[in-house]
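Trainee: This structure is in structure tokens; I'll ask about it shortly.
Each value in this text was obtained by applying a stated rule to the coordinates, not by laboratory testing. If you're wondering where the values come from, they're calculated on a predicted model, not measured in any experiment.
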Amino acid sequence: MSAGDPVDGIRIVGTPQGGFGAQALAEIDAIFFEASATKSFASQASRAVFRERWLGRHLVHFPACTFLARDRAGTILGYVIGALDDPAHDPRFADIPYFRDFAHLTARYPAHLHINLAPAARNRGIGGRLVDAFCAHAAAQGKPGVHVVTSETSRNRSFYARQRFSLDLIRLASRTTKPAICSFRLSTSDGFTP
């Protein structure tokens with residue numbers, strides 16, 4: 001079964017030809033802001049900057065790395081976004097200082113992803129299928145591995161462990177408050193080496 005085959009009426013699909021329409025973007029935005037740990041913003045401008053940093057740039061610059069989970073009615077239940085090239089060396093990610101902190105690791109695991117699901121879609125295997133679709137895409141593009149960054153206290157750590165990511169605590173020079181967890185997975189499904 002491929003990631004795109006429907007399971008329980010859920011289909012994993014890539015970015016449609018011509019990009020996303022207004023309805024799809026509204027559904028993605030709703031999931032993004034619901035799932036985000038940041039809930040309040042000083043202004044609409046700061047909310048827009050936050051969206052651009054963690055979602056918007058991926059949708060605009062890396063649409064081929066976007067995969068959606070859609071139900072039978074076409075409603076978006078979740079998404080995975082990311083980029084294939086090493087963010088430590090990509091000027092589009094210069095505003096995220098922690099990428100420089102582990103640049104020595106991102107050569108082996110250059111691709112990175114962000115995933116969010118609507119609450120009703122969680123714990124149903126949909127997130128794993130989205131991660132697998134992204135990792136298969138990265139492998140098909142010749143990328144040796146994928147990384148994610150999360151916080152030490154984040155609820156998503158067990159999810160990433162189930163998706164065969166290592167969970168490595170890394171003290172980041174760019175973060176003064178808490179260390180981050182940088183998780184790694186080889187792109188190919190035939191092996192995993194942290």
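Trainee: For segment 47-168, state what percent of all Cα-Cα pairs lands in each successive 10 Å bin, counting from 0 Å until the bin that includes the largest distance.
Mentor: Going from the shortest bin to the longest, the percentages are 12, 44, 37, 7, 0.
Trainee: With only alpha-carbon atoms counted, please give the Rg and Dmax of segment 1-98, in Å.
Mentor: Calculated on Cα positions, Rg and Dmax stand at 14.7, 46 Å.
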